[in-house]
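The numbers here are math on the coordinates, done by the rules we state, and not lab data. Since the model is a prediction, treat every value here as computed from it, not as a measurement. Ideal geometry is used to build each Cβ from the backbone, glycine not excepted, and the neighbour counts take in all protein chains shown.
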């Protein structure tokens, strides 16, 4: 069958080529007035055909017009044929799989570019913090510079009066020479904060400048320096200067909330920053293991470090989702301990509440409690994109997909250039699946898989969606990829992955995966 489709595809490509030549040639003949009757007459004579054949076939019509008409008819017919295949569910990829994949990639790239070009400035003052240059001359200190920027971004995101772009989108510009005006257009922000960090011995120097992205004008530039133990004060000073320049009327209470420290021990904080650097390396088990060990080191030095507890707990979520757990029961118990400490010690820490709350929801099925913690995190930090994403997941698990979509759209606006965009596509796919829109669910999952072919969650959702939509061939293809990556997965072990609250959603998911070929 594949060979037959390939042959048919080649035939139509040849037809389109000759038709295009015919149209071009015919139009040239019409416009120039050049008469090709002698060509046709020679052809008739060479084939030993009756000399009156030309007149009888053309009915006395100018042959040039016939050439054009035939060419146009072939092109129109081929266009309608291809449009029919495009509009028919599941047929385009089956007829021309490689062509469909290329066109899908082009559409996705165009869609991403269109999204970036169509971003409008929010009503609130908006800002992006670009990666600071590591001026220490030691590449091993990159984690420190990146971590400081992430902490400044988190601090700024606590201000309800600001719209702050997420770290992952800002870091797509790392190591690049950028045009600030272009950054402003691509991220949809009015202001950009950039700078550099030099760390030597026990001293640290931070330079920063705030730029109006619309005009390129520097609003202020300053230098902050001191001992490493003063790093939190330097972060506070820089954040306050940026906020004060953008929104002079920020309330005193907001300033005080931003100044709360995650820990008072720099050595614990240093391990925490190293953990964040590893955690941001998505898709690597070794990096996730390294992150967990760094967070444990930070906790050992400061037993009340709420953000370290939260991110350590989230490492276990990542281990579960990617099928990296070796002893799920034991690891989930440890994740519960860490998440509980995170929300207990970090009642005013959006990072701890987000990671800890989502871990309780995802691994323990405590959806309502998790949502409460996420709601509190968003009250504290309205621009925290990860909190919006995790609350969207919880609402999907609760059977509230249409309430999840606005949360997800908000997260994507706060993080428009996130290299981990497949994660958003995966949530979107699961939301449409729970809503019963299976073809739409499969489409979103395909976008995620196209970027990350080994990403397990969208592979599962796509397999179930295709099966329930009646496209068993596509469902089985997804299941084949899934079983290669997670061969031990069975229907009986799905509960640990999907804390679905409604029995109906659970039954449909298992039925779809069973039809796709997942063993019981």
Restricting to Cα pairs under 8 Å and 6 or more apart, the percent relative contact order of the range 277-329 works out to 30
Note to self: C-alpha centroids of the range 368-414 and the range 304-344 sit apart, in Å, by 20
Here the gain from full extension of residue 403 to residue 492, 0.36 nm per residue of separation minus their alpha-carbon distance, amounts to 29.1 nm
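Would you mind calculating the gained length between residue 481 and residue 337 on full extension (0.36 nm times residue separation, minus the Cα-Cα distance), in nm to one decimal? Walk me through the intermediate numbers first.
Details: separation 144, 0.36 × 144 = 51.84 nm, distance 3.42 nm.
Net length gain for the segment: 48.4 nm.
Evaluate E = 1/(1 + (r/R0)^6) for residue 222 and residue 176, where r is the Cβ-Cβ distance and R0 equals 25 Å; express this FRET efficiency to the nearest 0.05.
On the way: r = 24 Å, r/R0 = 0.96.
Efficiency, from the Cβ-Cβ distance: 0.55.
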In units of 2.2 N^0.38 Å, the Cα radius of gyration of the range 264-381 is 0.97
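For residue 473 and residue 133, what does the FRET efficiency come to when R0 = 56 Å and r is the distance between their Cβ atoms, rounded to the nearest 0.05? If you can, show how the numbers build up before the last one.
Working: r = 51 Å, r/R0 = 0.91.
In this case the efficiency is close to 0.65.
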Contact order relative to length for the range 126-258, counting C-alpha pairs under 8 Å separated by 6 or more residues, stands in percent at 25
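The range 404-520: Rg/Rh from Cα coordinates, Kirkwood Rh? Mind dumping the intermediate values first?
On the way: Rg = 13.5 Å, Rh = 14.1 Å.
Checking Rg against Rh, the ratio lands at 0.96.
Stretched out fully, how many nm does the piece from residue 281 to residue 375 gain, at 0.36 nm a residue minus the Cα gap?
On the way: separation 94, 0.36 × 94 = 33.84 nm, distance 2.69 nm.
Using 0.36 nm per residue and subtracting the Cα-Cα distance, I get 31.1 nm.
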Once both label points are put 7 Å beyond Cα along the C-beta direction, the residue 203-residue 344 separation in nm becomes 4.3
